[in-house]
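The values are calculated or read from the model by the stated rules, or taken from the named source; none is laboratory data. Worth saying up front: this structure is predicted, and the values here are computed from it rather than measured. As a convention, Cβ positions derive from the backbone with ideal geometry for all residues, glycine included, and neighbour counts pool all protein chains shown. These area figures cover heavy atoms from the full protein model, side chains too; ligands, DNA and RNA do not enter into them. Shrake-Rupley method; radii C 1.70, N 1.55, O 1.52, S 1.80 Å.
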Amino acid sequence: MAGAGSVVLRPPVEVMRPHRADQVPSAADLPGGVQYSPKLDGFRCVAFVLEDGQVVLQSRAGRHLEDDFPQVASALARQLPVGVVLDGELCAWDRGRLAFEALLRSRRGRDAAGIPVTFAAFDVLAVPGRDLRALPLRERWAQLEVLLRGVVPPVERVLATTDRAVAMEWWTSLSAVGVEGLVCRGLATPYRVRR
């Protein structure tokens, strides 16, 4: 359990937003090379693990989602230390496909239909006692890997690669399960909010 002063980042936070590109960048196109990840069809969500087992799931617009997704909030509280802040996507799965429309249903409706919801983390903004947003993505990703080692669903880490050919194969093969495209980020870039 993290001690006093471990929470350095509290809700709300503004999220970094991607912009649409016409081409998939190569390694030379973004600072430090490129990290490629599948673009998941879900609810963008920042997860805050706070004191006393409290978890806040903040939507991109700043709305609290923890009451709508209590299993995810509970799993984050059980598995991660106080002070962790993750950026990711809440994803519903129905018959092996991403099911965005299921996220719009009530919690009871999803539960009755047996539709699981996962939180796929793609960035870490804070760890106990430390705000990581100024660090380059390469270092934040390494921290996320260590942080989520041994963590089990419904919390997981999104797939990522620096190999453009692998990313293009994901784009083709994962479209069948509802992946919308690729998110491409420069490995040397900090977590920066564009206005």
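What does the charge count around Val55 come to, taking other residues whose C-beta lies under 14 Å from its C-beta (Lys +1, Arg +1, Asp -1, Glu -1)?
Net of charged neighbours comes to -3.
How much net charge surrounds Pro190 when only other residues with a Cβ under 9 Å from its Cβ are counted (Lys, Arg +1; Asp, Glu -1)? Don't skip to the answer; put the middle values down first.
Details: positive: Arg133, Arg140, Arg192; negative: none.
Surrounding charge for Pro190 is +3.
For the chain, take N as its residue count and report Rg(C-alpha) divided by 2.2 N^0.38 Å.
On the way: Rg = 16.4 Å, N = 195, 2.2 N^0.38 = 16.3 Å.
This ratio for the chain stands at 1.01.
Rolling a 1.4 angstrom probe over the protein heavy atoms, how many square angstrom per residue are accessible across the chain?
52
Ignoring ligands, DNA and RNA, what percent of the 1.4 Å accessible area of the chain is carbon and sulfur?
Details: 5200 of 10160 Å².
The computed percentage sits at 51.
Roughly how many debye, to the nearest 20, is the charge dipole of the chain about its Cα centre, given +1 on each Lys and Arg Cβ, -1 on each Asp and Glu Cβ, and no other charges? Mind dumping the intermediate values first?
Working: 25 positive and 22 negative charges, 58 e Å.
Dipole about the Cα centre, nearest 20: 280 debye.
Quick check: Cα centre of the range 1-60 to Cα centre of the range 122-195, how many Å?
Value for the Cα centre distance between the two parts: 8 Å.
State to the nearest 20 debye the size of the charge dipole of the range 48-150 about its Cα centre, where the only charges are +1 on K and R beta carbons and -1 on D and E beta carbons. Intermediate values should be presented prior to the final figure.
Numbers: 14 positive and 14 negative charges, 52 e Å.
The dipole of the range 48-150 has a size of about 240 debye.
Below 8 Å, C-alpha to C-alpha, sequence gap of six or more: please give me the relative contact order for the chain in percent.
32
Please give me the summed charge of the neighbours of Arg97: other residues whose Cβ is under 13 Å from its Cβ, Lys and Arg +1, Asp and Glu -1.
Numbers: positive: Arg95; negative: Asp41, Asp94, Glu101, Glu180.
Charge balance in the 13 Å sphere: -3.
May I ask for the percentage of alpha-carbon pairs in the range 41-157 that lie more than 26 Å from each other?
Details: 1115 of 6786 pairs.
Here the tail beyond 26 Å accounts for 16 percent of pairs.
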